[in-house]
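The structure appears below as structure tokens.
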Amino acid sequence: MDDQPPIRPSLLPYGRQSIDAADVEAVVAALQSAWLTTGPAVERFEAALCRHTGAAHAVAVSNGTAALHTAMAALGVGPGDEVIVPAMTFAATANAVVYCGGTPVFADVEPDSLLLDPIDAARRITPRTRGIIAVDYAGQPADYAALRAVADRHGLFLAADACHALGGSLDGRPVGSLADVSTFSFHPVKPIATGEGGAVTTADEQLARRARIFRNHGITSDHRSRETAGAHRYEMVSLGFNYRLSDIQCALGCSQLEKLPRWVERRQAIAAAYDEALSTDPVYRPLAVRAGCRHAYHLYVVRCLAHATGPERDRVFASLRRQGIGTNVHYPPVHLHPYYRATFGTAPGLCPHAERAYEEILSLPIFPGMADGDIRDVLRGLARVAGREAGDSAAVPAAA
């Protein structure tokens, strides 16, 4: 009940980075090195990303939005092109298409998983369609087999916004090698953190080359390559941006990647505890996980259902925060943002599954540093809001 005292004295965040002494040492070593940017740590980080994703090429960039923009530019998206994107995602997925002069075309999501619906995506294809961006919502890989069939049938590129899903896999294939190009974010609440940061992965050598040029002002060489060659001349061959990621951040990324497997396992353990506690709950329904998916669980999302004993999502959100349980909502459907409605004429009713989900979804706390007691606090808070006492929760493996 809302009039009960808070469960926690301070707010438990929905997500948070994990930084240890090894991370600090890696950053200090980079600060003491000869290169703070465009140096060897960038190459090491990119090579480590290739090992973790199974990709042939990785291009580190300054953030996840830069990764999406770089991928669209490298794929040649331009004025007059349409790219299909799911309505349930962060705005950056669609914004990257707009940055290149293209038009995002919003497709609906599957109601049980909130992943891009391949059938609805196929319905949105027109002669102007250049490609499809799938989003690995919450950390679960999209249905890439079905989406690949759609893309190949129409001669489209298939891109993965995998910013939630580093460390996940689908049918044994790691996220980062499931599409023509994949993008990642290393924001503090993501699977690994570099402060801010992102990357593009691909098997296509020429696409990777275009991405490297785009992240460096459209210039074919960087300072280190010219220093190594003893040269000073350079050429700007296209219009690019300064989307480089520093050696300081890449050093942190290398250290973080070493811990990624056990962090994903811890996220999965937390999710399993939530799943068990909420499997038959009449108010809170976890999202479905498809067969063959290794879910990375950047987010743990439940739907707050209309029920005689269950209040609406916004009341759950507010009540949990009063109890010291931090939650969030991911995401408002992109086509309902004022910018998209004013610029592209989108409106309610375009993607009904995403629109209905937005009224119900809530992201519960999940991050590797959560203790078992934190999980019990979240479940207790959910039970309180629903007007009942929490039952005994299942034991969870100790935090790594």
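The values are calculated or read from the model by the stated rules, or taken from the named source; none is laboratory data. Since the structure is predicted, the reported quantities are computational estimates derived from the model, not experimental observations. Using ideal geometry, Cβ is built from the backbone for each residue, glycine included, and neighbour counts are taken over all protein chains shown.
Kindly indicate whether Arg244 is modelled with pLDDT of 95 or more, outside any helix (DSSP H, G or I) and under 26 Å from the mean Cα position of the chain (by Cα). So Arg244 fits the description; yes.
Just one of (1) assigned to a loop (DSSP other than H, G, I, E, B); (2) out of contact with any strand residue (DSSP E or B) (no Cβ under 9 Å at 6 or more places or on another chain); (3) β-branched (Val, Ile, Thr) trips up Thr343, so point out which. For Thr343, the exception is condition (1). What is the one condition in (1) crowded, with 18+ Cβ neighbours inside 10 Å; (2) more than 30 Å from Phe157 (Cβ to Cβ) that Thr228 does not satisfy? Every condition holds for Thr228 apart from (1).
Note on the stretch 173-192: among residues that are within 10 Å of the chain's Cα centre (by Cα) and assigned to a strand (DSSP E or B), the one that is surrounded by the fewest Cβ atoms within 10 Å (Cβ to Cβ) is Ser185. Quick check: anything in the stretch 301-311 surrounded by fewer than 19 Cβ atoms within 10 Å (Cβ to Cβ) and in contact with a helix residue (DSSP H, G or I) (Cβ under 7 Å, 6 or more places away or on another chain)? Within the stretch 301-311 (the criterion being surrounded by fewer than 19 Cβ atoms within 10 Å (Cβ to Cβ) and in contact with a helix residue (DSSP H, G or I) (Cβ under 7 Å, 6 or more places away or on another chain)), the answer is yes, since at least one residue qualifies. The set of residues from the stretch 261-279 being over 20 Å from the mean Cα position of the chain (by Cα) and either at positive phi or crowded, with 21+ Cβ neighbours inside 10 Å (or both) comprises Ala273, Tyr274, Ala277.
Among the numbered conditions (1) within 24 Å of Thr89 (Cα to Cα); (2) outside any strand (DSSP E or B), the only one that Leu239 does not meet is (1). Exactly one residue out of Thr194, Thr183 is among the polar types (S, T, N, Q), more than 26 Å from Tyr358 (Cβ to Cβ) and touching a residue at least 12 places away in the same chain (Cβ under 8 Å), and it is Thr194. Please determine whether any residue of the stretch 250-268 is under 22 Å from Val329 (Cβ atoms), touching a residue at least 40 places away in the same chain (Cβ under 8 Å) and among the β-branched types (Val, Ile, Thr). So far as the stretch 250-268 goes, no, none of its residues is under 22 Å from Val329 (Cβ atoms), touching a residue at least 40 places away in the same chain (Cβ under 8 Å) and among the β-branched types (Val, Ile, Thr). Of the residues making up the stretch 50-70, just one is in contact with a helix residue (DSSP H, G or I) (Cβ under 7 Å, 6 or more places away or on another chain), assigned to a helix (DSSP H, G or I) and among the hydrophobic types (A, V, I, L, M, F, W, C), namely Leu68.
Scanning the stretch 114-131 for residues that are under 15 Å from Met88 (Cβ atoms) and not in a helix (DSSP H, G or I), which turns out farthest from the chain's Cα centre (by Cα)?
Step one: of the stretch 114-131, the residues under 15 Å from Met88 (Cβ atoms) are 114-118, 120-121, 124.
Keeping just the survivors that are not in a helix (DSSP H, G or I) gives 114-117, 124.
Details: Leu114: 13, Leu115: 12, Leu116: 14, Asp117: 18, Arg124: 24 Å.
Result: Arg124.
Yes/no per residue for (1) in contact with a His (Cβ under 8 Å, 6 or more places away or on another chain); (2) in a loop (DSSP other than H, G, I, E, B); (3) over 14 Å from Ala251 (Cβ atoms):
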position: Pro5; (1), (2), (3): no, yes, yes
position: Ser10; (1), (2), (3): no, yes, yes
position: Ile19; (1), (2), (3): no, yes, no
position: Asp23; (1), (2), (3): no, no, no
position: Ala29; (1), (2), (3): no, no, no
position: Ala34; (1), (2), (3): no, yes, no
position: Ala41; (1), (2), (3): no, no, no
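Just name the residue that is surrounded by the most Cβ atoms within 10 Å (Cβ to Cβ) out of those in the stretch 280-300 that are more than 25 Å from the chain's Cα centre (by Cα) and of a type outside the set (Asp, Glu). Write out each step before concluding.
Restricting attention to the stretch 280-300, the residues satisfying the condition of being more than 25 Å from the chain's Cα centre (by Cα) are 280-283.
Adding the requirement that they be of a type outside the set (Asp, Glu) leaves 280, 282-283.
On the way: Thr280: 6, Pro282: 11, Val283: 22.
Within the stretch 280-300, the match that is surrounded by the most Cβ atoms within 10 Å (Cβ to Cβ) is Val283.
Can you tell me how many residues within the stretch 356-373 are assigned to a helix (DSSP H, G or I) and crowded, with 19+ Cβ neighbours inside 10 Å? Break it down stepwise before answering.
Start the filter on the stretch 356-373 by keeping residues that are assigned to a helix (DSSP H, G or I), which leaves 356-358, 372-373.
Retained after the next criterion (residues that are crowded, with 19+ Cβ neighbours inside 10 Å): 357-358.
Residues in the stretch 356-373 being assigned to a helix (DSSP H, G or I) and crowded, with 19+ Cβ neighbours inside 10 Å: 2 in total.
Has the stretch 204-224 got at least one residue that is more than 27 Å from Cys100 (Cα to Cα) and either not small (Gly, Ala, Ser) or not assigned by TED's automatic domain parsing to the domain that holds Leu75 (or both)? Within the stretch 204-224, one or more residues are more than 27 Å from Cys100 (Cα to Cα) and either not small (Gly, Ala, Ser) or not assigned by TED's automatic domain parsing to the domain that holds Leu75 (or both).
Taking the conditions exactly as written (farther than 23 Å from Leu115 by Cβ and at pLDDT 95 or above), does Arg321 satisfy them or not? Show your work before the answer.
Values: farther than 23 Å from Leu115 by Cβ: yes; at pLDDT 95 or above: yes.
Considered against the rule, which asks whether it is farther than 23 Å from Leu115 by Cβ and at pLDDT 95 or above, Arg321 comes out as yes.
If you go through the stretch 78-96 and keep only what is out of contact with any helix residue (DSSP H, G or I) (no Cβ under 6 Å at 6 or more places or on another chain) and closer than 16 Å to Phe241 by Cβ, you end up with Gly78, Asn95.
Go through Arg44, Arg51, Arg128 for me and flag whichever is surrounded by fewer than 22 Cβ atoms within 10 Å (Cβ to Cβ) and touching a strand residue (DSSP E or B) at 6+ places or on another chain (Cβ under 9 Å). I'd like the intermediate steps shown before the answer.
Values: Arg44 fails: touching a strand residue (DSSP E or B) at 6+ places or on another chain (Cβ under 9 Å); Arg51 fails: touching a strand residue (DSSP E or B) at 6+ places or on another chain (Cβ under 9 Å).
When all the criteria are applied, what remains is Arg128.
Pick from the stretch 193-225 the residues that are of a type in the set (A, V, I, L, M, F, W, C) and assigned to a loop (DSSP other than H, G, I, E, B): which of them is surrounded by the most Cβ atoms within 10 Å (Cβ to Cβ)?
At the first step, the residues of the stretch 193-225 found to be of a type in the set (A, V, I, L, M, F, W, C) are 193, 199-200, 203, 207-208, 211, 213-214, 219.
Cutting the leftovers down to assigned to a loop (DSSP other than H, G, I, E, B) gives us 193, 203.
Values: Ala193: 21, Ala203: 14.
Top of the filtered list is Ala193.
In the stretch 149-172, the condition of being surrounded by fewer than 24 Cβ atoms within 10 Å (Cβ to Cβ), in contact (Cβ under 8 Å) with a residue 12 or more places away in the chain, touching a Leu at 6+ places or on another chain (Cβ under 7 Å) and not in a strand (DSSP E or B) is met by no residue.
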